[in-house]
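Right, one structure below, let's go through it.
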Amino acid sequence: MEIAAHAALKQECDKLLAITDASDQQVKGQGAMKEKLEFLKLLADETRLKILNLLLQEDSYVEKIACELSLTPATICYHLKKMESAGVVKCSRSQFYMIYSLNREMFDKPIYQLVKNENPIVDTDERYKKDVLCRFFKYGRLTQLPTQRKKREIVLFEIAKQFEAGRKYDEKEVNEIIHQFHEDHCTIRREMIACGIMAREKETYWLL
C-alpha cells in the first residue's frame, strides 16, 4: 500500500509539474510576441520611417536629422529615444554629439522571423486532458466520476494505464487495481467495459 501511495503521489506531482511547465512556456512565448508587436508598432509611424531612411544612408545626430526633416530637435529626440529603447537604433557619443545609428542586425532578419510565434502551439486536447485529471484526481485518488462522457473517458483511460496490455486479470485483481483510485470499483469496472476500454468474458478481464 505504501508503494502504491508513493506512486500515486509521484503521478500527481508529475501532472502538476507538466501543467506548470506548459504555463511557463506559454508566458515566455507571449512575452516574445509582445516584444515583436511593440517593434512593429514602433515602425508604424511616418516620422520614424523617415528617420530610419536617413540612418540607412549614414549615422547622424539629432540636430542634423531635425534640419533634414524640417522638424524640431525635441521631436526627433523623442522618436529616437523610443527607437533606442526598442533596440531599433543605437547611440554613442562622438565629441560634442550623440551619434545615432541603425541596429542593422534587427533589420537583417527576414520578415517571417518578426511574425513567427516562437512558442510551440499548445496541444489543446492534451491541455484539456491535464485540466480534467488535475480537477478530478487529488493525491492520486479519484474524487468523483465525471458525469460528462468525454471527461469520464479521460479519467477511465488514466486508470486503465495501471493495467498491462495483453495480460488477463481476474475480477479480484481488477477490483484491487481500481480500488487504489476509488472505492466504487464496481461502477468504474462496468464503465471501463461500456466505454470499450476493457473487455470481459465470464470472470476474466483484459485491455482492448
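The values are calculated or read from the model by the stated rules, or taken from the named source; none is laboratory data. These numbers come from a predicted model, not from an experiment. Here the Cβ positions follow ideal geometry from the backbone for every residue, glycine too, while neighbour counts run over all protein chains shown.
Of a type in the set (Lys, Arg), part of a helix (DSSP H, G or I) and at pLDDT 90 or above: does that describe Arg127? Spell out the reasoning first.
Numbers: of a type in the set (Lys, Arg): yes; part of a helix (DSSP H, G or I): yes; at pLDDT 90 or above: no.
Answer is no for this residue.
Okay, residues lined up against (1) at pLDDT below 90; (2) in the same structural domain as Glu105 (by TED's automatic domain parsing); (3) surrounded by 11 or more Cβ atoms within 10 Å (Cβ to Cβ):
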{"site": "Gln57", "(1), (2), (3)": "no, yes, no"}
{"site": "Pro73", "(1), (2), (3)": "no, yes, yes"}
{"site": "Ile76", "(1), (2), (3)": "no, yes, yes"}
{"site": "Ser85", "(1), (2), (3)": "yes, yes, yes"}
{"site": "Ser94", "(1), (2), (3)": "yes, yes, no"}
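Could you say whether any residue in region 163-185 is surrounded by fewer than 11 Cβ atoms within 10 Å (Cβ to Cβ) and farther than 13 Å from Tyr205 by Cβ?
Going through region 163-185, the residues surrounded by fewer than 11 Cβ atoms within 10 Å (Cβ to Cβ) turn out to be 164-167, 172.
Restricting the remaining residues to those that are farther than 13 Å from Tyr205 by Cβ gives none.
No, region 163-185 has no match at all.
For region 151-195, what are the residues that are closer than 22 Å to Asp131 by Cβ, touching a residue at least 40 places away in the same chain (Cβ under 8 Å) and part of a helix (DSSP H, G or I)?
Arg152, Glu153, Leu156, Phe157, Ala160, Ile188, Glu191
Somewhere in region 196-207, is a residue outside any loop (DSSP other than H, G, I, E, B), in contact with a strand residue (DSSP E or B) (Cβ under 9 Å, 6 or more places away or on another chain), of a type in the set (Val, Ile, Thr) and exposed (fewer than 15 other Cβ atoms within 10 Å of the Cβ)?
There is at least one residue in region 196-207 that is outside any loop (DSSP other than H, G, I, E, B), in contact with a strand residue (DSSP E or B) (Cβ under 9 Å, 6 or more places away or on another chain), of a type in the set (Val, Ile, Thr) and exposed (fewer than 15 other Cβ atoms within 10 Å of the Cβ).
With the structure loaded, tell me whether Thr204 is under 28 Å from Asp125 (Cβ atoms), among the polar types (S, T, N, Q) and free of Cβ contacts under 8 Å to residues at least 60 places away in the same chain or whether it fails that test.
no
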